[in-house]
Amino acid sequence: MHLQTTVTIQKANFEIKPTDKFLFVGSCFADKIGGIFKDNHFRATVNPYGVMYNPASVLHTITKEKEAGACYDVAVITLGTNHVYILNETGEIVDNCQKRPASLFTEKELSVEECADYLRQCVATLQEMNPDIHIIFTVSPIRYAKYGYHESQLSKATLLLTLNSKLLTLNSFYFPSYEIMMDELRDYRFYADDMLHPSDLAVQYIYERFRETFFSVNAKAMEVEWQPIRKALSHRPFNADSEEYKSFIAKARADEEAFCKRWKL
């Protein structure tokens with residue numbers, strides 16, 4: 001008896017390695033998945049200039065990273081919406097309204113063609129940073145209630161159509177975060193209290209599907225090896241000044257140093 005429908009994910013044509021450097025950029029879902037990577041001791045940079053919800057703002061982050069001389073092996077781009085906000089004074093798309101009055105901005109919905117143009121620029125810029133970079137696109141499963149639920153679905157549909165418009169190349173891959181949440185995890189027990197964001201359990205499940213799709217054997221082995229060290233380092237004692245705890249934490253830090261040396265992190 002099957003009690004859920006499972007989203008089939010084609011195995012990627014590349015594998016994530018323990019030594020890879022990652023850039024996660026996009027919506028707050030990128031923060032969640034990227035945060036798990038960081039917790040698991042992968043070399044991940046997550047939204048270095050803040051959360052970016054739309055393709056234009058994603059391009060802004062990638063451009064800044066190029067100007068800063070950054071270089072990555074894998075980029076994970078999480079698209080949240082096709083809505084952008086234009087500062088009336090300059091005509092430029094802003095990444096954050098910074099709580100300024102709404103009258104200063106004009107809201108616009110990017111078309112499929114406009115979204116694709118921004119994302120092609122993202123791909124080209126990333127490939128200038130590293131010609132061999134692998135790019136993973138995904139659509140955030142978080143719904144935007146402020147647009148209205150129908151309008152939120154239209155926004156997601158625009159992003160999905162964009163990623164289906166010959167944007168994906170040999171070095172890029174689409175990962176179905178949105179589809180997993182909408183289909184496999186459609187029950188509200190997989191949502192946070194606001195009934196819009198995925199719960200921690202849902203995020204962890206999507207991460208595990210991501211790991212199954214992309215991780216090499218060595219990446220999985222490194223992650224498993226790190227868990228007891230991570231648990232030891234995060235331990236909170238009753239008495240941090242006790243000799244027993246000092247000895248315990250010293251061993252954990254020594255284990256971390258040996259771990260990093262062994263995996264060349």
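The range 138-206: D in µm²/s via Stokes-Einstein (Kirkwood Rh, Cα pairs, 20 °C, 1.002 mPa s)? The calculation lands on 165 µm²/s. Using 0.36 nm per residue and subtracting the Cα-Cα separation, the extra length available between HIS150 and ARG100 on full extension is 15.3 nm. Amide H contacts for HIS134 (H built 1.01 Å from N in the peptide plane; partners 5 or more residues away or on another chain; cut-off under 5 Å): VAL74, ALA75. Looking only at the chain, where both bridge partners belong to it, what percent of the DSSP beta bridges are antiparallel (to the nearest 5)? That works out to approximately 30 percent antiparallel.
Along the axis of the charge dipole computed for the chain (Cβ charges of +1 for Lys and Arg, -1 for Asp and Glu, origin at the Cα centre), the listed residues VAL112, PHE238, CYS28 are led at the positive end by PHE238.
Footprinting exposure proxy ranking of ILE9, ILE133, fewest other C-beta atoms within 10 angstrom first, gives ILE9, ILE133. Phi angles of the range 147-156 translate, via the Karplus equation with coefficients 6.51, -1.76, 1.60 and θ = phi - 60°, into HN-Hα couplings of 7, x, 5, 5, 5, 4, 5, 5, 5, 5 Hz per residue; Gly and Pro are given as x. When only Cα pairs below 8 angstrom with a gap of at least 6 residues are kept, the range 111-261 shows a relative contact order of 20 percent.
The length gained by stretching the chain between ARG186 and LEU265 to full extension, at 0.36 nm per residue less their Cα-Cα distance, is 24.7 nm. Each Cα pair under 8 Å and six or more residues apart adds its separation to the average, and for the chain the resulting relative contact order is 22 percent. Note on GLU212 and VAL224: the model spin-label points, each 7 Å out from Cα along the C-beta direction, lie 1.7 nm apart. Among the GluC sites (Glu not before Pro) found in the range 161-265, not one is both in a DSSP coil and sparsely packed, with 11 or fewer other Cβ atoms within 10 Å of its Cβ.
Across q = 0.13, 0.15 Å⁻¹, the chain modelled as identical point scatterers on its alpha-carbon atoms has Debye log10 I(q)/I(0) values of -0.91, -1.15, in the order of the q list.
Give me the net charge for the shell around VAL7: Cβ to Cβ below 9 angstrom, other residues only, Lys and Arg +1, Asp and Glu -1. Every neighbour counted, the sum reads -2. Cα-based values for the range 173-265, radius of gyration first and Dmax second, are 18.4, 52 Å. Rounded to the nearest Hz, the phi-derived 3J(HN,Hα) couplings of the range 235-247 under the Karplus curve 6.51 cos²θ - 1.76 cosθ + 1.60 (θ = phi - 60°) are 5, 10, x, 6, 9, 6, 8, 6, 5, 4, 5, 4, 5, where x marks glycine and proline. Under 5 Å between amide hydrogens, built in the peptide plane, is the criterion, and for ALA44 it picks out PHE22 among residues at least 5 positions away or on other chains.
Any read-out appearing in this document is the output of simple, stated calculations on the displayed coordinates, not a laboratory observation. Note that the coordinates shown come from a computational prediction; the quantities given were computed from them, not determined experimentally. Cβ atoms come from the backbone with ideal geometry, glycine included; neighbour counts cover every protein chain shown.
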